[in-house]
Amino acid sequence: MGLGPIIIGYDGSATAQRAIDEAGALMSRHQALVVVVYERDVPFEFVEVPTMPPAPVDIRFALEVDSALYDAARQMARHGAQLAEKAGLEAEPLVVADILPVADTLIRVAKERDSQAIVVGTHGRFGLRDILLGSTARDVIKRSPAPVLVVRAVEDVQHDRS
């Protein structure tokens, strides 16, 4: 187990907020890095219309979209860090622009920062949809260099209790 901060994957969802709360309850006063990952290359991809050949996006427009995505991700990371502070963690936000899957990015950051743990929320979906779309939590669990705390959505926990 590393000596660096807890890495918390945050996407603004209620499940991610619950993961922050649980991390705070279990690991209060630890340093935490609230990580928001956004896909940087999306605005620069070619626009494809079925009846026309692919056409490049106006570069100025793509840069404006990328800037707006970064600003939104930065705001989301700050919000997540504020939630983590309220939960008892010493948190700071981190925005990562990446073209890799979120799990890969979280694992890379955990390795770079010698993380003590990775915290992620999961919606607990399994079956065909999970196989087709993949699961960030599952991928983090399989390849994490540190212990992983996976927090399920409230509705999944309530469903299991009934």
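Things worth noting here:
Condition check ((1) over 15 Å from the mean Cα position of the chain (by Cα); (2) surrounded by 16 or more Cβ atoms within 10 Å (Cβ to Cβ)) across all residues:
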position	(1), (2)
Glu64	yes, no
Asp71	yes, no
Gly80	no, yes
Leu89	yes, yes
Ala97	no, no
Leu100	no, no
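- Checking Lys111, Lys142 one by one, the residue that is of a type outside the set (Val, Ile, Thr), modelled with pLDDT of 95 or more and either part of a helix (DSSP H, G or I) or at positive phi (or both) is Lys111 and no other.
- Candidates Val119, Val150: the one that is assigned to a strand (DSSP E or B), of a type in the set (A, V, I, L, M), closer than 27 Å to Arg29 by Cβ and at pLDDT 95 or above is Val119.
- Pairs with Cβ under 7 Å, 6+ apart, first in segment 12-27 and in contact (Cβ under 8 Å) with a residue 40 or more places away in the chain and closer than 18 Å to Pro147 by Cβ, second in a helix (DSSP H, G or I) and of a type outside the set (A, V, I, L, M, F, W, C): Ile20/Gly80
- Of the set (1) modelled with pLDDT under 90; (2) touching a Ser or Thr at 6+ places or on another chain (Cβ under 9 Å), all apply to Asp160 but (2).
- When segment 19-36 is filtered for residues that are closer than 30 Å to Ala62 by Cβ and either touching a Lys or Arg at 6+ places or on another chain (Cβ under 9 Å) or modelled with pLDDT under 95 (or both), the ones remaining, listed by number, are Leu33, Val34, Val36.
- The test for being at pLDDT below 95, over 14 Å from the mean Cα position of the chain (by Cα) and part of a helix (DSSP H, G or I) holds for Pro43.
The values are calculated or read from the model by the stated rules, or taken from the named source; none is laboratory data. Remember, predicted model here, so these are calculated numbers, not experimental data. Cβ atoms come from the backbone with ideal geometry, glycine included; neighbour counts cover every protein chain shown.
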